[in-house]
Amino acid sequence: MTKKTIGIIGGMGPEATSDLFAKIISLTPAQKDQEHIRIIIDNNPQIPDRTAFILGKGKNPLKELLRSAKLLKKAGADILIMPCNTAHFFLSDIKKEIGLPFISIIDSALNDLKESFPKAEKIAILATTGTKAAKIYDKPFIKAGYKVLDFSKEIQDNIMTAIYDGVKKGKTQEASIDFQKTIDKIESDLKPDIFIAACTEIPILMQYTVSKAPLIDATKSLAKAAVKYAFNRKNNGQK
C-alpha cells in the first residue's frame, strides 16, 4: 500500500515533537520497518515563542513557521502537522502560503472528544495562556456545543509554570508535583467531565500525574489522524 509522507513542523518544543513522533510510530499498524510511514521532521527550536507574540510581548513566529513548512514541502511532504497547539493561531497563513493539506491538532482532539465521550459537557482545556487568549480551542469547542471552563489567573499561571519551568527546562518530574495540585484544584472547584491536554507539553506532564476525569491527549489525537491520512483512510482532522 502506498503511504503518504508526513511533514512535522517541530521544535515547539523538541520534547513535544519527539512525543508526537513516538506516538505516530506506536499507532502505525506495521509488522516491519518498511510498513512504517515516511516522516520528515524539521525540529526548529528557533521559532519564536507563540504565546509571547499573541500577548504582544514577542517576535512574530510566522516567518520561521513558513520556513519550516517550505523546507518540508521541498523535501517531499504530502501533508503537514504541527505539535504545537498555540502555533495553530497561524494555521490559515501557513496553509495559504504553502498550499499543502494540513491536519489540525484542534480538529483532531474535537473529533476524539465527540467519538469517545459523547456525553461530556464541561471541558477543562489545559493550554498555554496564548492558546487561551486567542480562543484557539474555545471557539470550535463552544461552537460544537461544549461548555469550556474558565480558570482563575492563579490556575492558568500554574499551568504556564509547569510548561515553561517544567517540561521546556527538562524538569518535568519536579514540575509535576505542583501540577498535580493544579489538577486537583480544577477538579475540586470546577468538576470537569473531560480534560483536554491542549498544549503538547501537557501529555508529558500527565505521565506523572493523575486525574479523576478522563484526559484527551491532543498529541495522540493528532497522531491517530496522521496515521489514518498516511494510509489513505478517512480522516476528519484534515483541513
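Of note:
- Some residue of the stretch 61-78 being open to solvent by less than 30 Å² (accessible area, probe 1.4 Å), without any contact (Cβ under 8 Å) to a residue 40 or more places away in the chain and closer than 23 Å to LYS220 by Cβ: no
- Subset tally (residues that are farther than 22 Å from TYR146 by Cβ and in contact (Cβ under 8 Å) with a residue 24 or more places away in the chain) for the stretch 171-197: 6
- Exactly one residue among ALA134, ALA175, ALA144, ALA127 is touching an Asp or Glu at 6+ places or on another chain (Cβ under 9 Å) and at pLDDT 95 or above, and that residue is ALA175.
- Selection count, the stretch 66-85, where residues are touching a Phe, Trp or Tyr at 6+ places or on another chain (Cβ under 9 Å) and under 25 Å from PHE141 (Cα atoms): 6
- Cβ-Cβ distances below 6 Å connect the following pairs, each with a first residue in the stretch 8-29 that is more than 25 Å from LYS171 (Cβ to Cβ), a second residue that is of a type in the set (Lys, Arg) and in a helix (DSSP H, G or I), and a separation of six or more residues or different chains: LEU27/LYS224.
Residue-wise test of (1) among the β-branched types (Val, Ile, Thr); (2) under 27 Å from ILE41 (Cβ atoms); (3) touching a residue at least 40 places away in the same chain (Cβ under 8 Å).
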residue	(1), (2), (3)
ILE125	yes, yes, yes
LYS139	no, no, no
ASP150	no, no, no
ALA162	no, yes, yes
LYS169	no, yes, no
CYS199	no, yes, yes
PRO203	no, yes, yes
GLN207	no, yes, no
SER211	no, no, no
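- Residue ID - nearest to the chain's Cα centre (by Cα), chosen from residues in the stretch 91-101 that are surrounded by fewer than 21 Cβ atoms within 10 Å (Cβ to Cβ) and assigned to a helix (DSSP H, G or I): LEU91
- For the stretch 132-155, a residue qualifies if it is in contact with a Lys or Arg (Cβ under 7 Å, 6 or more places away or on another chain) and farther than 18 Å from LYS191 by Cβ, but none of them does.
- Cβ pairs under 7 Å, 6+ apart, first in the stretch 43-57 and aromatic (Phe, Trp, Tyr), second surrounded by 14 or more Cβ atoms within 10 Å (Cβ to Cβ) and at pLDDT 95 or above: PHE53/PRO61
- Test: residue in the stretch 186-209 that is in contact with a helix residue (DSSP H, G or I) (Cβ under 9 Å, 6 or more places away or on another chain), of a type in the set (Gly, Ala, Ser) and over 27 Å from ALA22 (Cα atoms): no
- Among residues of the stretch 137-195, those that are within 21 Å of SER116 (Cα to Cα) and surrounded by 13 or more Cβ atoms within 10 Å (Cβ to Cβ), counted: 14
The values are calculated or read from the model by the stated rules, or taken from the named source; none is laboratory data. Values in this document were obtained by computation on a predicted structure and should not be read as measured data. For neighbour counting, all protein chains shown are included, and Cβ atoms are generated from backbone atoms with ideal geometry for every residue, glycine included. What goes into the accessible areas is simple: the full protein's heavy atoms, side chains included, and nothing from ligands, DNA or RNA. Shrake-Rupley method; radii C 1.70, N 1.55, O 1.52, S 1.80 Å.
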